[in-house]
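Only one structure is covered here, and it is reproduced in the block below.
Coordinate-derived values only; no laboratory data. None of the values given here were measured: they were computed from a predicted structure. Reconstructed Cβ throughout: ideal geometry from the backbone, glycine too, with neighbour counts over all protein chains shown.
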Amino acid sequence: MNGAQNDFPSLKRGDHVCLPYSDERQSHAAVAAFMYDGLIRGERCFYWGQRPRYALVLQHLRALGGALTGLPGRTSVLFADTDVLHRSFDRAEQATAIRNVIHETQSQGYSGLRVVGHPDEQTRSLLDEEQLAAFENNLTAIFEEGQATGLCAFNQKLATPAYLEVALTNHPATIVAGRLCQSPLWPPPERPPAQPAANDGLKHTWMWMLSSLLQNAQNQQLSEAQSAALIVEGARLDKREKESRHHIEVLRRAVEARDRLILTATRWLARPLPPMCDHLENLAGDQQFDQYRDAIRTCGEHLAAVRRLSHGLEEISSFLQLQVVLRPEKLDIVDVANAAIAEIQDDPTLAPIEVEVESAGRISGMWDRLRLTRLFHSLVRTAREQGYGTSLLLRLEDKDHAVRICLEFRLSHVPTLSESGEHERSLAYGPYSESDYERLAVQLWSSRELVRIMGGTLGVSTWADARVAFILDLPKASPSTPPSEPRDAYDY
């Protein structure tokens, strides 16, 4: 027994433990560990033994860090000296005393009581084997009734084998080699009502041993059956979990396909609708089609409804691209950028723009194509709405674990103090004097959120020679979940 405080993790209130020992120092350490385990649970400890042993136990208890003060004004460790019994022992009186201590402990607010029985061998000798068995069984009943925990120490060197046999068979648990073991010898055999011959007693013990063996075998069989049932149930749960994961994956793909369909439909509707509306307005104003004016007006109304639907789908698509975690794939960002620029140049709603792409070669990474394309569109559209020039330099640089994207615009003219009153302010704000930092921040909100979800940063820089650049740093592997906090990436 090493006497560590974790030697008693499975002790429960109401337990009654036997501690057979052959070394006094080990017994002191084990008793101290038993008491310390109770103290840290808020229980009171009652030691019944000799004062020299109690002093040694206290030394071990203090070494473990046991607090002996207990509740305010009360002590958490009590001591009863066996010498005051004057070598006489009343089993009923002792049981009554333990009941009184349990009641007093409960009334004083302790969470429980631990009782240690550690008398010397002379005190033990006051009880014969039959009295010891009755006394220990009575203690077991008292502990179960009062929810107290008891430990009885027996010296193996001084006690007789028959005495130790009675001790082992009359305790539900025993500490063996430092381990708390549930005793297979519990409960003890019941004494036969009458023993006319010695062979009857031996036969009764023999039947008890056979019954104990059978009970242990049945318990082991039940434990094995329970383990097998748990294994089967675990396999079933694992199968159900795999099926659930499969269903979730199918649903996730269905939702992703739905979202991509909405995004694609939005992009398809956004291209032809504006010019169609313009054509209908021109036709409605042409005198040659006066006879079809009503039909043209009806078509215009229907087309306007479709255009409103397109705007609604665009709002939904913007939300989906910001909120839904799409599936990254291995891409060459240079190819994605060229494809996005080609779509921008084909967009009739934007003014013509000249784009020059600079890149040292392929830059591969794990991104979502739709988000990257949306990001390029959003930045270029924002720049055009701000009135930046029609010349764009797109520079892509490989930075090991990230890629740097620089979209550099040249302003159509260099603002002067006479135009805006503040040369530096005009350069920072763009070509229109009514623009400001807040307006640009609002215009870039969608782009900023896309960059944040992809785990990157977005900055804006201006130069005195009328250049404005959007600078992005994107990691080559998009995070599985978007960052919880937005990053302050503006660098005006």
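Here the simple spin-label model places points 7 Å from the Cα toward Cβ, and for residue 120 and residue 287 these points are separated by 13.6 nm. Farthest toward the positive end of the dipole of the stretch 5-188, out of 42, 178, 123, is the Cα of 42, where the dipole comes from beta carbon charges about the Cα centre. Rounded to the nearest whole Hz, the Karplus-based 3J(HN,Hα) values (6.51 cos²θ - 1.76 cosθ + 1.60, θ = phi - 60°) of the stretch 102-113 follow the sequence 4, 5, 5, 4, 5, 5, 8, x, 6, 7, x, 9, with x at glycine and proline. Computed 3J(HN,Hα) for the stretch 286-302, one whole-Hz value per residue from the Karplus formula 6.51 cos²θ - 1.76 cosθ + 1.60 where θ = phi - 60°, is 8, 5, 5, 10, 4, 5, 9, 4, 5, 5, 5, 5, 5, 4, x, 5, 4, glycine and proline marked x. Close amide H partners of residue 79, meaning residues 5 or more places away or on another chain with modelled amide H under 5 Å apart, are 47.
Relative contact order, whole percent, for the stretch 5-188 stands at 34, derived from Cα pairs under 8 Å and 6 or more residues apart. Modelled label positions at residue 338 and residue 264, each set 7 Å beyond Cα in the direction of Cβ, lie 2.4 nm from each other. The stretch between residue 50 and residue 216 holds 55.9 nm of extra length on full extension. This uses 0.36 nm per residue minus the Cα-Cα distance. Put simply, the amide H of residue 176, placed in the peptide plane, has neighbours under 5 Å in 181, leaving out anything fewer than 5 places away on its chain. Applying the Karplus relation 6.51 cos²θ - 1.76 cosθ + 1.60 with θ = phi - 60° to the stretch 356-362 yields 3J(HN,Hα) values of 10, 9, 10, 7, 6, x, 6 Hz, where x marks Gly and Pro.
Cross-link partners for residue 476 among the lysines, with Cα-Cα distance under 30 Å and sequence neighbours closer than 8 places in the same chain left out: 330, 399.
Available extension along the chain between residue 356 and residue 26 is 110.3 nm, counting 0.36 nm per residue and deducting the alpha carbon span.
Shown here for the stretch 9-64: trypsin sites (Lys or Arg not before Pro) in loop regions (DSSP other than H, G, I, E, B) with at most 11 other Cβ atoms within 10 Å, namely 12.
The simple Förster model, with R0 at 45 Å and r as the Cβ-Cβ distance, assigns residue 63 and residue 92 a FRET efficiency of 0.75. Full extension of the chain between residue 237 and residue 137 gives 31.5 nm of extra length, using 0.36 nm per residue less the Cα-Cα distance.
When a/c reaches 1.5 or more, the comparison of a/b and b/c decides; with that in mind, is the stretch 5-188 rounded, prolate or oblate per its Cα gyration tensor? The shape class here is rounded.
Close amide-amide hydrogen proximity is noted between residue 148 and 14, each under 5 Å apart and 5 or more residues distant or on a separate chain (H modeled in the peptide plane; Pro and chain starts excluded). Here is the list for the stretch 111-191: trypsin sites (Lys or Arg not before Pro) lying in DSSP coil, each with at most 16 other C-beta atoms within 10 angstrom of its C-beta, are 157.
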